[in-house]
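Comments concern the structure below.
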């Protein structure tokens, strides 16, 4: 059951990471991140320029911080390995992770 959830979560994040758009569409404008997607204090806050992204894109970054193991298990197929050396989908969102799985630096690749 847990593996199924992780697979679904990883698939959603992979899709969002490779197709996230910094241009809001429809009603998903520069909204605040919903309360359920608040970063733990152990993580580096999202950069100020990320506040201009859609709520869905911001949510995806928070999800990456909350469950890095799920994203680390998903290979990235968008070609960022050649340009940035990414080895998993986690690398599209997190540039540097600390020893306690805290985000120390964010990667802008997932912004589109």
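Quick notes
- Applying the criterion of being within 13 Å of residue 111 (Cβ to Cβ) and assigned to a helix (DSSP H, G or I) to the residues of the stretch 61-98, the residue that is modelled with the lowest pLDDT is 80.
- Count of the stretch 41-60 residues which are outside any helix (DSSP H, G or I) and without any contact (Cβ under 8 Å) to a residue 24 or more places away in the chain: 2
- For the stretch 17-40, filtering for residues that are surrounded by 14 or more Cβ atoms within 10 Å (Cβ to Cβ) and either part of a helix (DSSP H, G or I) or at pLDDT 85 or above (or both) leaves 4.
The values are calculated or read from the model by the stated rules, or taken from the named source; none is laboratory data. Every value quoted in this text rests on a predicted model; they were computed, and no experiment measured them. Don't worry about glycine lacking a Cβ; one is built from the backbone with ideal geometry, like all the others, and counts go over all protein chains shown.
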